[in-house]
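The values are calculated or read from the model by the stated rules, or taken from the named source; none is laboratory data. Not measured: the values here are computed from a predicted model. For neighbour counting, all protein chains shown are included, and Cβ atoms are generated from backbone atoms with ideal geometry for every residue, glycine included. Each accessible area value is taken on the protein alone, full model and side chains, heavy atoms only, with ligands, DNA and RNA left out. Shrake-Rupley method; radii C 1.70, N 1.55, O 1.52, S 1.80 Å.
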Amino acid sequence: MSTEGTKKEDTAKPDLAKSAAPADTPPVPGAAKGAVTAVDPRLVVREQGFAGYLTEFKRRMRGGELGSVPVIVGLILIMAIFQGLDDAFLSAQNLSNISIDIAGPGLIAVGIIFVLLLGEIDLSIGSVSGLAGAVFAVLAVQEGMPEVPAIILAILVGTATGTFHGFFFARIGVPPLVVTLAGLLGWQGLMLYILGSSGTINIDSDGVVGKLTTYYFTDVAAAYGVATVAVGGYFAAAYVGARRREAAGVPSRPLSEIILRTAVLAVLAYVPAYVLNQYKGLPLALLIFLIVVVGADFTLRRTGFGRRIFALGGSVEASRRAGIDVDLMRIAVFAVSGTLAAVGGLFMTSTIAAANQGAGGGTLLMNAIAAAVIGGTSLYGGRGSSWSALLGVLVIMSIQSGLALKGIDAPVQYMITGSVLLAAVVIDSVSRRTQKTAGRA
């Protein structure tokens with residue numbers, strides 16, 4: 001009996017090995033003839049072609065890797081509902097206004113994404129944005145400084161505040177929630193102090209900052225040109241990347257998939273370009289916002305700095321053992337957050353053509369954080385992208401615009417925005433739990 005059992009075990013081993021390896025697995029150089037390469041079942045290799053693409057998509061959905069799918073579906077539903085309630089919602093004028101309104105909060109949200117990727121929070125971004133606007137107004141209007149150096153100094157003030165927060169977090173050990181909450185109060189007080197007794201400083205609406213949200217590229221070639229650059233740049237980058245992966249012997253996207261993705265991007269780029277050209281053309285504010293989003297995406301995905309942020313968000317101790325300067329990275333990330341908060345503050349100042357005591361207050365802080373989370377950035381760190389800011393702020397501003405068109409009061413806007421934020425956090429939590437169950441996190 002024992003002999004037969006041994007024989008059964010011996011014959012079963014090769015079968016298990018074969019089932020673990022794909023049929024087309026290439027032989028390992030130097031391996032014995034007939035040997036089967038063992039494949040780690042956790043390493044999922046996509047099949048080539050559309051069938052493989054659909055298989056991987058289903059696998060990612062089952063594994064809780066939802067990506068931007070929930071927010072895109074939600075955004076389509078929101079637009080369909082408000083268009084059904086009011087025909088003016090998808091008009092060229094209203095969509096153009098939304099594209100300008102998203103710039104300020106969106107820029108601030110891009111900065112907060114860097115902090116959220118660490119699994120931390122920055123509550124001072126609203127006050128920092130208001131402080132930057134006040135510094136610019138005082139220097140440019142009251143002190144008579146040229147606008148360009150005043151803009152640079154205002155942005156550097158934001159960088160300094162972020163570095164200040166990062167230093168107390170990384171070097172002193174103060175929790176970010178506490179240090180940035182203190183910053184929220186402190187920078188708000190400093191803003192009120194430098195604005196003086198009048199409390200409001202009007203800026204030159206024809207100046208550099210004044211033009212940020214009022215200037216349009218009226219030539220139709222501008223919007224279509226930007227769309228063409230985006231589509232062409234994506235195709236070139238995707239094609240070159242696929243060829244490099246293919247040359248390195250790792251799975252790569254087939255040409256058919258790259259063409260399909262490029263076609264989808266072309267629709268998403270040329271349709272908005274057409275709509276914007278039906279009103280006043282391409283807004284300068286939208287163009288700057290998109291440039292910042294693309295730049296942040298490149299920084300996070302293609303540079304060592306971005307990879308260290310993701311590593312730090314995944315595990316602080318593992319990052320430290322890998323040789324990453326954790327303290328320096330934390331300070332740098334909060335500096336980025338403060339810098340982009342200041343840039344967003346200048347856009348908010350441009351929107352009302354003044355720096356006043358209400359700058360940086362109200363719902364700005366919550367909208368910026370909510371935009372990042374609704375767009376798909378995880379509150380637990382290690383997962384997200386700069387495109388989350390674009391998608392999330394589009395959701396929030398679409399809701400606000402749609403409700404404003406129907407004349408619905410602010411309290412209802414707050415409740416609906418809060419409900420969307422809660423839904424986003426619930427989806428994030430469930431997704432994270434599903435990934436752990438599937439062994440993908």
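In this structure, is GLU143 of a type in the set (D, E, K, R) and open to solvent by 50 Å² or more (accessible area, probe 1.4 Å)? For GLU143, the condition - of a type in the set (D, E, K, R) and open to solvent by 50 Å² or more (accessible area, probe 1.4 Å) - is met. Condition check for ALA368 on (1) touching a helix residue (DSSP H, G or I) at 6+ places or on another chain (Cβ under 8 Å); (2) among the hydrophobic types (A, V, I, L, M, F, W, C); (3) surrounded by fewer than 22 Cβ atoms within 10 Å (Cβ to Cβ): one failure, at (3). For PHE347, the stated conditions hold: it is part of a helix (DSSP H, G or I), open to solvent by less than 30 Å² (accessible area, probe 1.4 Å), at pLDDT 90 or above and not hydroxyl-bearing (Ser, Thr, Tyr). Inspection of the range 379-391 finds a residue satisfying the criterion of being open to solvent by 30 Å² or more (accessible area, probe 1.4 Å), farther than 30 Å from THR200 by Cβ and polar (S, T, N, Q).
Given the options GLY376, GLY418, name the one that is touching a residue at least 12 places away in the same chain (Cβ under 8 Å), more than 30 Å from ILE203 (Cα to Cα) and of a type outside the set (A, V, I, L, M). After applying the criteria, what remains is GLY376. Annotation note: of ALA296, ALA263, the sole residue that is small (Gly, Ala, Ser) and closer than 29 Å to VAL208 by Cβ is ALA296.
Every test in (1) among the polar types (S, T, N, Q); (2) crowded, with 19+ Cβ neighbours inside 10 Å; (3) farther than 24 Å from ALA92 by Cα is passed by SER419 save one, and that test is (2).
Within the range 281-308, residues that are charged (D, E, K, R) sit with their Cβ atoms under 8 Å from residues that are assigned to a helix (DSSP H, G or I), at 6+ positions apart or across chains, in these pairs: ASP297/TRP387; ARG308/SER319; ARG308/MET329.
Within the range 123-136, residues that are closer than 16 Å to ALA109 by Cα sit with their Cβ atoms under 7 Å from residues that are of a type in the set (Phe, Trp, Tyr) and assigned to a helix (DSSP H, G or I), at 6+ positions apart or across chains, in these pairs: SER124/TRP187; SER127/TRP187; VAL128/TRP187. Taking the criterion of being surrounded by fewer than 18 Cβ atoms within 10 Å (Cβ to Cβ), in contact with a Phe, Trp or Tyr (Cβ under 7 Å, 6 or more places away or on another chain) and assigned to a helix (DSSP H, G or I), would at least one residue in the range 91-111 satisfy it? Scanning the range 91-111, I find at least one residue that is surrounded by fewer than 18 Cβ atoms within 10 Å (Cβ to Cβ), in contact with a Phe, Trp or Tyr (Cβ under 7 Å, 6 or more places away or on another chain) and assigned to a helix (DSSP H, G or I), so the answer is yes. Taken together, the residues in the range 146-160 that are touching a residue at least 40 places away in the same chain (Cβ under 8 Å) and either farther than 14 Å from GLY133 by Cα or among the aromatic types (Phe, Trp, Tyr) (or both) amount to 1. Would you please name the residue that is most open to solvent (accessible area, probe 1.4 Å), looking only at residues in the range 313-327 that are part of a helix (DSSP H, G or I) and of a type outside the set (Val, Ile, Thr)? Of everything passing the filter in the range 313-327, ARG321 is most open to solvent (accessible area, probe 1.4 Å). Of the residues making up the range 209-218, those that are closer than 16 Å to PRO146 by Cβ and out of contact with any Ser or Thr (no Cβ under 9 Å at 6 or more places or on another chain) number 0.
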